[in-house]
Amino acid sequence: MSGQAKKKIVKEIKVDVEKCIGCRACEVACSGFHASPKYSSFNPARSRIRVVLDLPSDVYVPLRAGEYTAAECTGRQTFRINGKNYSECSFCPASCPSRDLFKEPDSGLPLKCDMCEDEKIPMCVQVCRPGALTYEEREEERDDEPTPGEVEIGLQALLHRHGAQKVKDTFARLSQGE
Amino acid sequence: MRYAETGFDLEVDLTRGNIERVATAPELTALHLGGEGAAAKELWDRVPPEVDPFSPRNLLIFSAGLLHGTPVPGANRTCVSTISPQTNLYVTSGFTGFFGPELKHAGYDRIIIRGKSPSPVYLHIRNDKVELRDATHLVGKSALETSALIKDEMKEAKLQVAAIGLAGENRVCQATIDHANTSASRGVGVVMGDKGLKAIAVRGTKDINVARPAELFERCNAMYQEIYDNPRCGDAFLSEADDSWQVKNIAAAGGALGGVKGFWTKELQDEWTVRVESEHMHFQWENYSQQMEEVHETVVDESKRLRGTGCFNCTKNCHEAVYLPGQRQYFLKSYSKLAYATAAYADLKINYDVLFGMQEYGLDESATLQAVSFALELRQAGILTDAELPDFPADGPGRCGYLLEKIATRQGIGDALADGVHLAAARIGKGAEAFDRSVKKIEQLPLNEEQLDYPHFLMYATGAKMGITQIEGSFPQFPIADKQQRAAFVAAWDAAPERFKIWFLEWEPGAQLPVEAAVDIADWNEAMHSADDAIGICPLLSSFRGQFGGRPPYHLHNLPAFITLATGLELDAEGLLEIAKRNRLLVRAINARRGVTRGDEQAPAGLYGKGEPETEQRLLDAYYAFRGWNGDGVPSAETLDGLGLRYVREDLAQRGILK
Ligand code: SF4
Ligand code: SF4
Ligand code: SF4
């Protein structure tokens with residue numbers, strides 16, 4: 001890691017929970033964007049954004065997938081905001097063993113928002129017409145840190161789950177087959 | 001690979017507890033698309049007229065639409081189809097929300113339920129894992145509570161639940177099936193209750209594939225915007241500035257309840273507020289002395305609109321979440337406000353209370369309020385007395401609450417009322433029949449019109465969906481007086497085939513439409529609903545929303561492209577109409593087989609001024625001829641054969657219905 005200060009574009013999605021109508025269009029669009037080929041299949045369960053919904057309590061929180069975590073938090077926290085109760089993990093974006101949010105439904109591999117890489121405006125923002133999600137870019141001075149790619153995140157999860165030896169063996173076996 | 005659809009039905013036999021995943025024939029998609037159309041085909045094939053609606057052999061079908069699970073915005077309306085115990089005829093109703101798309105992601109296009117469970121159960125679906133679970137602990141709970149309890153029990157907040165309330169359990173004909181903030185009406189809940197099925201809870205995590213990804217998504221992305229910007233779609237009633245038309249023209253139950261007709265004012269509309277002032281009394285120490293002081297305080301609590309909420313993948317916000325005084329939160333289903341206008345009370349809190357009561361019991365707002373006002377009219381006429389209505393409250397709201405409870409629990413007079421107004425009138429006798437305004441034994445939207453309106457009459461009398469609000473919507477209800485505005489309307493009217501534009505241009509206020517136009521309009525209106533219900537598009541974005549402003553986001557001329565891009569099925573406007581025609585013929589044939597005749601095709605009593613029986617018959621003749629039916633209203637052999645329904649023709653001939 002270099003530790004050198006660098007100018008960096010920070011992409012930001014602003015969330016206004018008051019404007020969210022709970023339509024989950026963001027989930028649909030995100031899952032389609034990441035299908036291959038693009039938009040060939042749809043599945044909100046694969047989306048990297050999920051709307052935490054509790055209708056009777058009027059709770060609507062669009063939440064984007066953050067880092068993978070190997071272990072769940074020790075202890076929980078709950079929030080009460082303007083008279084509304086938010087469940088323990090409502091605002092936590094982690095792909096975490098305590099819940100099935102932000103995991104590929106089949107493999108269980110973690111999902112993480114990639115800000116739709118090449119797209120000018122992230123897809124979830126594009127389809128969110130009620131304006132709960134808006135997009136901003138700004139410049140910031142930052143320490144230059146390498147960001148782990150998708151393969152790295154996936155591998156990390158496999159390492160946590162199965163241990164290094166098993167992953168190594170499987171890798172060796174599979175690459176021989178190729 | 002099958003696009004847009006899963007290619008599987010879930011067959012559930014409640015008697016034996018048997019569950020099967022059954023592959024469906026791909027050819028059927030080209031013939032019926034899916035949704036309600038596919039359900040009608042199942043009902044034709046598997047529920048012959050000998051089967052009583054309360055028989056275990058009756059089917060209850062939950063259909064996701066063909067486009068559910070694709071990115072097509074607003075494709076989320078689930079259809080529930082069965083044979084109605086109230087009418088002994090085909091019934092289909094639907095709810096929007098999230099259920100259909102979730103079902104598709106679980107890997108099924110439909111759930112087909114047969115048999116009866118010996119004890120209350122609910123169906124839990126998680127992809128390939130499907131089980132019937134005990135529902136004894138859910139008995140008597142409202143649909144919303146049931147949904148919350150099941151989510152808790154299964155530790156899965158993302159379950160989508162459709163459930164019945166107390167009314168459905170008690171086999172009340174006005175029972176709804178509720179899901180999230182919406183419900184299916186016209187009595188489908190009674191069959192679910194009869195089958196002992198309290199709820200269905202589904203969670204799906206599978207992909208839905210589409211045929212032409214990039215093109216489809218581009219269109220969908222533009223459609224989100226179109227729907228969001230279009231003021232004429234969604235529950236326009238909810239945001240409309242002036243409801244005086246509805247309040248004036250819909251026979252208000254409020255009249256019979258002692259409510260005020262024509263109470264609607266602009267100020268009321270703007271505020272739509274419930275304010276409760278209550279006296280609170282408490283004690284406090286007076287000046288640190290030993291004296292306790294009594295303190296009286298007026299506490300004001302006001303209703304608040306929390307937010308408008310949408311359905312799956314739709315940018316409209318038809319469902320108002322409101323806070324009511326007394327720590328209560330409440331969802332207005334879309335079009336609740338119509339029922340609200342029907343209840344028509346000057347005191348708005350009562351209207352909410354009435355709606356809330358119906359939602360808690362799982363009662364259909366429209367049919368139930370009609371049963372309530374029917375009972376009150378009978379009491380006024382001396383047909384119902386204190387003997388049938390013991391301890392009847394003196395005030396309107398009290399009476400409404402009293403009757404709702406009786407109906408939902410089928411106690412006392414409620415037992416007759418819970419069979420629907422028509423059968424109740426027959427059971428009560430003593431001239432009660434004169435107060436019945438049903439058509440084909442089912443309650444109708446109680447409009448009061450000055451004169452016979454040709455398309456209205458035809459839709460009331462012949463409608464496959466048995467309710468005018470499920471049929472009307474593509475052709476405007478009223479002409480435009482100003483010629484320039486009229487021309488501008490037509491110029492922008494992409495939804496309409498050319499001939500409708502000409503009829504509309506020539507339509508002057510106060511004038512009747514020509515008969516040939518009226519039959520075509522009634523047909524087109526119904527066809528568009530049929531198309532929506534096959535693909536699962538919300539009618540508030542499509543078939544119901546052309547009548548005001550003429551610019552529904554979806555219509556005859558753009559729907560086919562969405563279907564083609566999603567499914568790979570080549571389809572144009574003509575093809576879509578042909579499929580709708582086929583599906584509607586099946587419904588017609590099911591009902592003909594169950595005994596509907598020309599004599600049943602009437603206007604509700606009191607729909608319009610002085611009766612014009614001859615004109616009505618002339619209209620029916622013209623409509624039957626237009627649809628390719630014989631003089632009895634049965635589809636002719638050529639019509640059936642022409643749409644590939646030879647098997648229907650043969651069956652009808654064998655039964656002597658088609659001569
Ligand atoms: S698209 Fe926007 S409004 Fe809809 S659920 Fe997502 S964040 Fe909420
Ligand atoms: S920014 Fe892109 S990847 Fe991230 S949640 Fe939105 S759509 Fe998904
Ligand atoms: S138009 Fe309204 S009722 Fe229809 S799907 Fe959209 S939000 Fe739901």
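Go through the residues of the range A:31-46 one by one and say whether even a single one is buried (at least 20 other Cβ atoms within 10 Å of the Cβ) and assigned to a strand (DSSP E or B).
Yes, because at least one residue in the range A:31-46 is buried (at least 20 other Cβ atoms within 10 Å of the Cβ) and assigned to a strand (DSSP E or B).
Output the qualifying pairs, or none if there are none: Cβ atoms under 9 angstrom, residues six or more apart or on different chains, first residue in the range B:449-469 and free of Cβ contacts under 8 Å to residues at least 60 places away in the same chain, second residue surrounded by fewer than 22 Cβ atoms within 10 Å (Cβ to Cβ) and not in a helix (DSSP H, G or I).
The qualifying pairs are B:I468/B:L445; B:I468/B:L447.
Hey, among the residues in the range B:295-323 that are closer than 29 Å to A:A25 by Cα and more than 16 Å from ligand 1 (Cβ to nearest atom), which one's farthest from the chain's Cα centre (by Cα)?
Going through the qualifying residues, I end up with B:K304.
Please pick out the residue among B:G37, B:G69, B:G65 that is away from chain A (no Cβ under 14 Å), touching a residue at least 40 places away in the same chain (Cβ under 8 Å), closer than 20 Å to B:D207 by Cα and under 22 Å from the mean Cα position of the chain (by Cα).
Numbers: B:G37 fails: closer than 20 Å to B:D207 by Cα; B:G69 fails: away from chain A (no Cβ under 14 Å).
Sole residue among the options that is away from chain A (no Cβ under 14 Å), touching a residue at least 40 places away in the same chain (Cβ under 8 Å), closer than 20 Å to B:D207 by Cα and under 22 Å from the mean Cα position of the chain (by Cα): B:G65.
Hey, could you check the range B:110-154 for residues that are in contact with a strand residue (DSSP E or B) (Cβ under 6 Å, 6 or more places away or on another chain) and assigned to a loop (DSSP other than H, G, I, E, B) and say which is farthest from B:L60 (Cα to Cα)?
So in the range B:110-154, the residues in contact with a strand residue (DSSP E or B) (Cβ under 6 Å, 6 or more places away or on another chain) come out as B:110-115, B:120-126, B:130-133, B:135, B:138, B:143, B:146-147, B:150.
Add one more test, that the residue is assigned to a loop (DSSP other than H, G, I, E, B), and what stays is B:115, B:120, B:135.
Values: B:G115: 9, B:P120: 16, B:A135: 18 Å.
This residue is B:A135.
Look at A:R161 and say whether it is more than 14 Å from chain B (Cβ to nearest Cβ) and away from ligand 3 (no atom under 16 Å from the Cβ).
yes
Please indicate, with yes or no, whether at least one residue in the range A:141-164 is part of a loop (DSSP other than H, G, I, E, B) and in contact with a Phe, Trp or Tyr (Cβ under 9 Å, 6 or more places away or on another chain).
No.
Tally time: how many residues in the range B:5-34 are under 24 Å from B:V130 (Cα atoms), polar (S, T, N, Q) and within 26 Å of the chain's Cα centre (by Cα)?
Qualifying residue count, the range B:5-34: 1.
Please give the number of the condition B:A464 fails out of (1) open to solvent by less than 10 Å² (accessible area, probe 1.4 Å); (2) touching a Lys or Arg at 6+ places or on another chain (Cβ under 6 Å).
(1)
Could you count how many residues in the range B:599-622 are assigned to a helix (DSSP H, G or I) and over 27 Å from B:C79 (Cα atoms)?
Summing the residues that are assigned to a helix (DSSP H, G or I) and over 27 Å from B:C79 (Cα atoms) in the range B:599-622 gives 11.
Please determine whether any residue of the range A:62-71 is open to solvent by 10 Å² or more (accessible area, probe 1.4 Å), closer than 29 Å to B:E102 by Cα and at pLDDT below 85.
The answer is no; no qualifying residue exists.
List, please: which pairs have Cβ atoms under 8 Å, are six or more places apart or on different chains, and start with a residue in the range B:637-659 that is more than 12 Å from B:W44 (Cβ to Cβ) and end with one that is of a type outside the set (K, R) and open to solvent by 80 Å² or more (accessible area, probe 1.4 Å)?
B:L643/B:E578
Is it fair to say A:P130 is open to solvent by less than 30 Å² (accessible area, probe 1.4 Å), within 12 Å of another protein chain (Cβ to nearest Cβ) and out of contact with any strand residue (DSSP E or B) (no Cβ under 8 Å at 6 or more places or on another chain)?
Here the answer is yes, as A:P130 does meet what is asked.
Against the conditions (1) surrounded by fewer than 20 Cβ atoms within 10 Å (Cβ to Cβ); (2) at the interface with chain B (Cβ under 8 Å from one of its Cβ atoms); (3) modelled with pLDDT of 95 or more, where does A:D54 fall short? Just the number, please.
Checking A:D54 against (1) surrounded by fewer than 20 Cβ atoms within 10 Å (Cβ to Cβ); (2) at the interface with chain B (Cβ under 8 Å from one of its Cβ atoms); (3) modelled with pLDDT of 95 or more, the one that fails is (3).
Among the listed residues B:E5, B:E42, B:E11, B:E50, which satisfies the condition of being without any contact (Cβ under 8 Å) to a residue 12 or more places away in the chain and either open to solvent by 10 Å² or more (accessible area, probe 1.4 Å) or assigned to a loop (DSSP other than H, G, I, E, B) (or both)?
B:E50
Is there any pair linking a residue in the range A:33-56 that is within 20 Å of B:K151 (Cβ to Cβ) to one that is within 12 Å of ligand 2 (Cβ to nearest atom) and part of a strand (DSSP E or B), with Cβ under 7 Å and at least six apart or on different chains, and which?
A:R50/A:L63; A:V51/A:P62; A:V52/A:L63
For the range B:482-585, which helices (runs of 4 or more DSSP H) that fit wholly inside it have 2 or more residues that are crowded, with 24+ Cβ neighbours inside 10 Å?
Working: elements: B:483-491, B:498-505, B:515-535, B:559-567.
Hits in the range B:482-585: B:515-535, B:559-567.
Scan the range A:114-127 residue by residue and report those that are in a loop (DSSP other than H, G, I, E, B), within 12 Å of chain B (Cβ to nearest Cβ) and near ligand 2 (Cβ under 8 Å from one of its atoms).
Of everything in the range A:114-127, just one residue is in a loop (DSSP other than H, G, I, E, B), within 12 Å of chain B (Cβ to nearest Cβ) and near ligand 2 (Cβ under 8 Å from one of its atoms), namely A:E119.
Residue under question is B:E102, and the condition is that it be among the acidic types (D, E), open to solvent by less than 40 Å² (accessible area, probe 1.4 Å) and either in a strand (DSSP E or B) or outside the structural domain of B:M466 (by TED's automatic domain parsing) (or both); does it hold?
It is true that B:E102 is among the acidic types (D, E), open to solvent by less than 40 Å² (accessible area, probe 1.4 Å) and either in a strand (DSSP E or B) or outside the structural domain of B:M466 (by TED's automatic domain parsing) (or both).
Keeping to the range A:87-100, report how many residues are away from ligand 1 (no atom under 16 Å from the Cβ) and either touching an Asp or Glu at 6+ places or on another chain (Cβ under 6 Å) or open to solvent by less than 40 Å² (accessible area, probe 1.4 Å) (or both).
Looking only at the range A:87-100, we keep the residues that are away from ligand 1 (no atom under 16 Å from the Cβ), and these are A:87-89, A:92, A:94-100.
Next, only the ones that are either touching an Asp or Glu at 6+ places or on another chain (Cβ under 6 Å) or open to solvent by less than 40 Å² (accessible area, probe 1.4 Å) (or both) stay: A:89, A:94-98.
Here the count works out to 6.
Exactly one condition in (1) within 16 Å of ligand 1 (Cβ to nearest atom); (2) hydroxyl-bearing (S, T, Y); (3) farther than 23 Å from B:G473 by Cβ is not met by B:S147; state its number.
(1)
When only residues in the range B:202-211 that are touching a helix residue (DSSP H, G or I) at 6+ places or on another chain (Cβ under 9 Å) and of a type outside the set (V, I, T) count, which is nearest to the other protein chains (Cβ to nearest Cβ)?
If we take residues in the range B:202-211 being touching a helix residue (DSSP H, G or I) at 6+ places or on another chain (Cβ under 9 Å) and of a type outside the set (V, I, T), then B:D207 is nearest to the other protein chains (Cβ to nearest Cβ).
Of these, B:A214, B:A157, which one is in a loop (DSSP other than H, G, I, E, B), within 9 Å of chain A (Cβ to nearest Cβ) and under 22 Å from B:N76 (Cα atoms)?
Values: B:A214 fails: in a loop (DSSP other than H, G, I, E, B).
So the residue among B:A214, B:A157 that is in a loop (DSSP other than H, G, I, E, B), within 9 Å of chain A (Cβ to nearest Cβ) and under 22 Å from B:N76 (Cα atoms) is B:A157.
Of A:K112, A:K103, which residue is among the charged types (D, E, K, R), touching a strand residue (DSSP E or B) at 6+ places or on another chain (Cβ under 8 Å), touching a residue at least 12 places away in the same chain (Cβ under 8 Å) and away from ligand 1 (no atom under 16 Å from the Cβ)?
So the residue among A:K112, A:K103 that is among the charged types (D, E, K, R), touching a strand residue (DSSP E or B) at 6+ places or on another chain (Cβ under 8 Å), touching a residue at least 12 places away in the same chain (Cβ under 8 Å) and away from ligand 1 (no atom under 16 Å from the Cβ) is A:K112.
Within the range B:157-190, which residues are within 16 Å of ligand 3 (Cβ to nearest atom), modelled with pLDDT of 95 or more and open to solvent by 10 Å² or more (accessible area, probe 1.4 Å)?
Matches in the range B:157-190: B:Q160, B:D178.
The values are calculated or read from the model by the stated rules, or taken from the named source; none is laboratory data. Computed from a predicted model, the values in this text were never measured in an experiment. Here the Cβ is made from the backbone with ideal geometry for all residues, glycine too, and neighbour counts use every protein chain on show. Calculation scope for accessible area: heavy atoms of the full protein, side chains included, ligands and nucleic acids excluded. Shrake-Rupley method; radii C 1.70, N 1.55, O 1.52, S 1.80 Å.
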